[in-house]
Each structure stands twice: as structure tokens, then as C-alpha cells.
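These notes concern the structure reproduced below.
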Amino acid sequence: ILTIHSWFSDSSSWFEGVRGAWSDNSKIDSKTEMNNSMCRLGSALVVLGFFTIYRTTQALIPKNAGGSTNEGQSEGSLTSKRSHFLWICLAIEAILMCVWEFSYSETFKNNLFRFKVLFQMMQILLDLLLSSIMGDRLLAAPILVSIQMAEMLITCGAHNFVDFTLVFLLEVALNVFQRLLLYPLIKTITVLRPRWRILISRAVNNRGLTIEAKKQRERALQKVNEEIELRTEGIEPLLDSLSIYSMEKTGGMLLPFMCLLLILLYRETEMASRYNINQHDLLYYCLFAFYMIPWMSIVDSLVLSSQELLYGWRMHDYLSFQRWRFANRANMWNLLSQKDDSVSRSLQNMDLLCFSSQYYFILTLMSIGFGTNMLGLTICLRKKYNFLADPVFPLIVAIVIVWSELIARVCLLISNNEVDFICWNGIWRVTEGKGVMDDVIAAKLAIGEGRQEDLEEERHDLMALNSDSFRRKFVDKNRPWILQHLIQLITPRSLQSTGPDNRPLVDYIRDVYSDLQVVGEGARRPGDDADISSDDSSDDEFEIRRQWNRTPLDGSRLLIAQIWLQKARKRRVFTSTVSGIIDKRKDDHCHSCYQTYSYDSLTAGLAWEGDYSPSAIDNLIHLFEDSYGPEECSPDLWKAFFRKQALFYTICSDCTKKAHNSNRVSAIHNTSRPESISVSSQSQSDEDDAAMDMIIFDPDTTEGTMLNRWLSAARDKLGDDDVIIPSYNQKQRKEKYLSDDRSSEDLVTSELDDVSSAILSTWYSKARRNCR
């Protein structure tokens, strides 16, 4: 920009004496020469702006973006995408030029605060519209930064500096309100809109539908619910918030640069003079915008912290991960790397740049191109200049493009090469990892990179990595992850080689897998001294597990083990998948005793047939397998089925204990039925006889009345009036009792009348029937 200004300014113009238009035959005087030089300066800035936008578009939409191959993205589709983006840029630039021209009017100055609020609302609508049209948040980001920069620049149209300050503070307050409440609300409405549309359609057009049509509508609703859950519980809300922050921050940091350009082009643009600001006072506006950058950083920190508290977004952890991810990227330009498919398509490129220096470089360069282009067009409009009628315009285009391309090539050469004597290693160079973290840290320590605190921290990290206790703790804590990803390190070719112990690698991997399964704190390992006791009390159990037969199973045993392992894994995965859904359904009171407890004393669980049941998840899995087949393992389908069928139950700790004891009593009752008891040994029978001996009592006595009441109460508690008090081997006990030797004096002989004989016969018949 400075070079073009020095070449085409009125003091040293290259084209003195050349007419400003083909049809201009008037005499060229000093005033006309000055006017022509200003017009050609404006045309040069327009060319520079277009060239900057075009080169930035090439970097923003690169060939083979996202790790795709040449076959996946043809030249036609790439050109079409870039052309589509450039046409949208030109359309937005035309709208901003209209806003700039309107800002010179008295209507805008007298209603500055109202128009500022209106422009903020329009910016939100443009944000949603551009993101929807382009389908990529990264493509809309530089355009939104340019809008933000142009909108902040027109605040200079206030009557005085005090009004300018108040409008700036109003804009800061509106930005805070938008980022904390308005943007999340609009995003939530946008995400939930498909569900509302389906629900309204189902409420209005629910008659006359076939069963198949209703099933299709249910499947569509389930798919929409899954999409909503991914977009609300994933990383997308955090990415949206950080993208808005980055665009506002970049626009605020570019405002002093635009003020400097207005000072440099004060006479040419006449923009500040139309705002009734002289060149000296414009410097104060520039200093104010510059001094507001650190204070706005403090406001942004408070806003980010508030968002983290309000919505549970872990900003610092995500940014730390993105910093590590960018430092360990595979390509110099990160847009050529592989995309993360777990993120929605519109945010994949935004996530790929990791909010790094490359991301802000793209935003800054594109916004400067927009600003330069708009300033050049402003000069052409003020001077009523038609650059297509200028005879030297093609030469201006060639000079600007060649000079800009030369500067770009020099910058690329400097950034991609190393200069040892000035310790220059280039920018954005990919670090070649050696594969072992010890080597990387040792290399840093040897070179002496970083500050002394960083060196000391890395030295401690290296000592920790070389410590056996740290490695054992790492394996113990990350055992599930290691076992899950162990399959990625094993290939068919590697299985054919020999292990470190000169055995087949398959046997070696099987032993390592078994050791990982049983590794734990205090567990003995091969090579440990026999006289050292373990800290764990279950050493014998670990030893028994280590001595299990590791011979591969075959036949029916292998089939049974595979079925059991499949069901166990399925239950574990399904349970972990819906654990978050269950925790979110926790109420503030217990559903059993209806008393309110503290949040920690309550537990969210599942109910089956209206009561709390720990085995309800197993019943739901059985229903899921009955509906979709035992081979179906889709987490999305399971979550949709779970939301539809599950009954949630909040229970306190006291009711949990009561439910557990009730289940134990029920289990004892079921196992103590006569038909479910089998005798395995005579010793067990003897113990039962000693535990439950037959009692004969007179119901007329006090003891008989007490036992009779106890018997009735026991039958009522068991819930069956016809139940017989359970006893083990009642038939054998009766025969033993009747066969016992009894003395004749123990027996009482009595005479019975006809009524007593009938009662005795009826009782005897019922007794025989019950014995059978």
C-alpha cells in the first residue's frame, strides 16, 4: 500500500501528462494532474484489493482440501466454489459501500444510536444467511470480519468524539449481550426448528396416515433428535462461540489500521472530512481504537469465562488441545490435513485451522483486501473517475499485479527457508517427530529451547516418563483405552513375525493382553521377590488368574465364550452410552418416599413395571434385541430406542438400601420353595433338620395361640394364604417323624364320635393331598 501510494501520489506520479480519459481533450493543468493522480491511486488500490482477495481465496479454498485426492475434487468444482465465494464477496462489498455512503448523511448522524442497534441485528441475520449459503463457517468468517470492521469505522460519523466513545461502548455492550444470550438462543432455535416442524406436521396432519407412513415419520423424528443431540452436546456450540469471538477480535484490531489508512488517504477519500474530522483529530480516533485493544481483551476474557460457567464449555481445555494439535499437524498449511468427521460439515474447516496463526492470517489478509478495495472505490466515487476510460489503467493493473506477486513470492521464499546465521527457521514449519517422546524432549533439552521454567518442566516430564512407577500407573489408568486401540497396532503381516521371546508373536501378544487385563496396584509381576508382600489383599486371586489356562478355546467352549464376551461388551457400551441421559433425568426428590434430599444423596436410575430396578437396563437391552435383532449394535439407534422405552426413577440412598434388602428377601423366598430345592448330601439334610424341627402344639394353650398368630402373620407377609411354611425335605421329615420310636405312654387313646370321625377324615384327606 505504501509503495503504491508513493508511485501514484500527486508528488511523484509515473503518468504525468497523460490524460485521464480517452475522450478528454482539455488542457492538462496542475489541478487536473493532481486529480488524475488521485484517481489512478484509487484504481491501483482497487486492483490491489481484488488481487489480495483472489490470492486469499486460493489459500482459503485450496486444492485437495481436507485431505481429499485429485479424483475427489475436480478442477471444475474447485473453480466453481471459488467463483461462488468471490461473487458473494463482491455483493457484500457493494452493500457495505452503500452503508458507507449513507453514513455521510445527517439522518445517520442524528440517529446514530438507533442505526447502530439496527446494524447489529442485521449483522446477526447476515451471519446466519452467509453460513447457510456457503455451507462453511470458515468461508463466512472473513466476510463477517470485514462487515465488523466497516461497521466500527462508520462510528466516526458521530457529531463529536464524546458521541463516538458512547457509540463504541454501546457496541461493546451489544456484543457482550449477543455472545452471552442472543447468539446461543438463535442457534438453539435454529437447531430445534426441524423437530418443531415435524411435531407441528404430526399434530396437524395425523389423520389418514398408514402404518408405514407413521413409521417413516417416527424414524425421521429419531434422526432429527440424534442430530440435535450431536449439535447441542458436541463441540459445535463451543466452535460457534469461539468463531464469533475471533471475528469480533480481528475486526477490533484492524480498526486502528483502517484509521491510519484514512489519515494517509485523507485528501483522496474525503471520508474523514465528510465526518467533520480534520486530519489532526483523526489521530485521536486512531489512538483510542489502539488503546481499546487491551481493554477489550479483558472484556473478552470475562465473556469467555461467563460462557464457560453458563453453558459448561471447557474453553481452556479445548484451546490447549487445539494448540497441541496445530503444533503436531501433518502439513504446513493445515487446510490440507485430514478433517475431523465427528464435527459437523459446516465447522470442519474452522476446526481444522485450530484458531491458530494461520486462521487469523487468513481473516486479516482478506479483511485488509476488503478495506483497500472499498477505499479505492471511495476515491473513484469522490473524483467521479471511470477507470475503464483511463488509457493507463491496463498498465496500472499490470504494475500492481506484478509488484504484488513479486512481494508474495519473496515472502514465501523467506518463510519457507532457514537462515542459520540469524537463527531463522521459517514460519509454520512442520516439526518432524522422531516417534518417541523421550527423544523429542531430550532434543529440546539439548538445544536449550524455551525459557528456564519450560526446561525444568520438560526435565521433570522426562524423568517421569523414565520412571517405572509412572509407567505402571499410566498402564493401570489407561488400560481400557490401551486394550481398545491395541488392535490398531496389530496387522496380519506383523502377526507372522517372531516376538521378543523367540515365540510366535500371536502367543506373545496373548500373554501381554492377559497381563494388561490383570495388571493392578499391588499385583505381583514376573521377577518380583518372593519375600516382598503385596499391598493388595487379593494377591492369591491375582495369582490364580495368572495361572489360568491360556490355551485357545475351540468348539462349543469358544462359541460360548464369544457369545458371553459379545453380550458383556454390548451391555457395557450400551450402559455407558445412555449414562449421560440417565444422569440428566435426576429429579430433586425421591420417587419412592417423595422426600426432598440434597443432590448428592439422590441417584438417577431406571424403573421397570413402575418400580426401581437395577436390572431394568438388561430388560431394555432384551427388548432392543427383540425389536432390531441381536446383531444390531448402533449407538444412535439404541439411544433413540432408550429414550422411547426407558422409565427414569430417582431414588435416595435409604430407599436404595430398602430396595436391595427387599430383593434379597424375595430371592430367599423364591429359592426356599419346596419345588426349587434339591438335596445334595445327607449332611445338608441333617443341618436342615436341626434348623427346622417339626413342632406339635395345642392351639388352646398360650404357646399355641402365639405360634398360630405368628404363622398367620408369616403367611400374610408372604402374600399367599395357601402357602405352606417352607421347610427342606418335608416328606422325608414326616416319614422320619412318624417312624421314630415312641413309648406307648406318650400316645393318648380317645374315643371319637361320628362328627369327630368325619372331621378327622376330612383333615386326613387334605393332609395327604398337600403331602402329594
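Table for the structure above
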read-out	value
For Cys98, solvent-accessible area (1.4 Å; no DNA, RNA or ligand), Å²	90
About the Cα centre, charge dipole magnitude for the stretch 151-268 (Lys/Arg +1, Asp/Glu -1 at Cβ), debye	900
Accessible-area order (highest first, 1.4 angstrom probe) of the listed residues Met121, Met292, Met149	Met121, Met292, Met149
List Thr762, Thr650, ordered by accessible area with a 1.4 Å probe, largest first	Thr762, Thr650
Surface share of carbon and sulfur [accessible, 1.4 angstrom probe, percent] for the stretch 14-143	63
Inter-label distance, nm, simple model (7 Å from Cα along the C-beta direction), Glu418/Glu609	7.4
Accessible-area value, Cys655, 1.4 Å probe, nucleic acids and ligands omitted, Å²	20
Theoretical FRET efficiency, 1/(1+(r/R0)^6), r = Cβ-Cβ of Phe161 and Val402, R0 45 Å, to 0.05	0.60
Under the Karplus curve 6.51 cos²θ - 1.76 cosθ + 1.60, θ = phi - 60°, whole-Hz ³J(HN,Hα) for the stretch 194-199, x wherever Gly or Pro sits	x, 5, 4, 5, 5, 5
Average accessible area per residue (Å²) across the stretch 1-145 - probe 1.4 Å, nucleic acids and ligands excluded	48
Charge tally in the Cβ shell below 13 Å around Ile401, where Lys, Arg are +1 and Asp, Glu are -1, Ile401 excluded	+1
Residue-level accessible surface for Lys109, protein heavy atoms, 1.4 Å, Å²	10
Separation of the Cys593 and Leu395 label points, Cα + 7 Å toward Cβ, nm	9.6
Where labels lie 7 Å past Cα in the beta-carbon direction, separation of Ser201 and Ser579 in nm	3.7
Efficiency of FRET from Cβ geometry, Ser297 and Leu209, R₀ 45 Å, rounded to 0.05	0.20
Amide H within-cut-off set for Leu606, under 5 Å, with H built and near neighbours excluded	Ser613, Tyr649
Karplus-derived 3J(HN,Hα), 6.51/-1.76/1.60, for each residue of the stretch 612-622, Hz, glycine and proline x	5, 8, x, 8, 5, 5, 5, 5, 5, 5, 4
Most to least accessible of His5, His84, His316 (protein chains only, probe 1.4 Å)	His316, His84, His5
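The values are calculated or read from the model by the stated rules, or taken from the named source; none is laboratory data. Fair warning: this is a prediction, and the values are worked out from it, not measured in the lab. Cβ atoms come from the backbone with ideal geometry, glycine included; neighbour counts cover every protein chain shown. Side chains included, ligands, DNA and RNA excluded: accessible areas come from the protein's heavy atoms. Shrake-Rupley method; radii C 1.70, N 1.55, O 1.52, S 1.80 Å.
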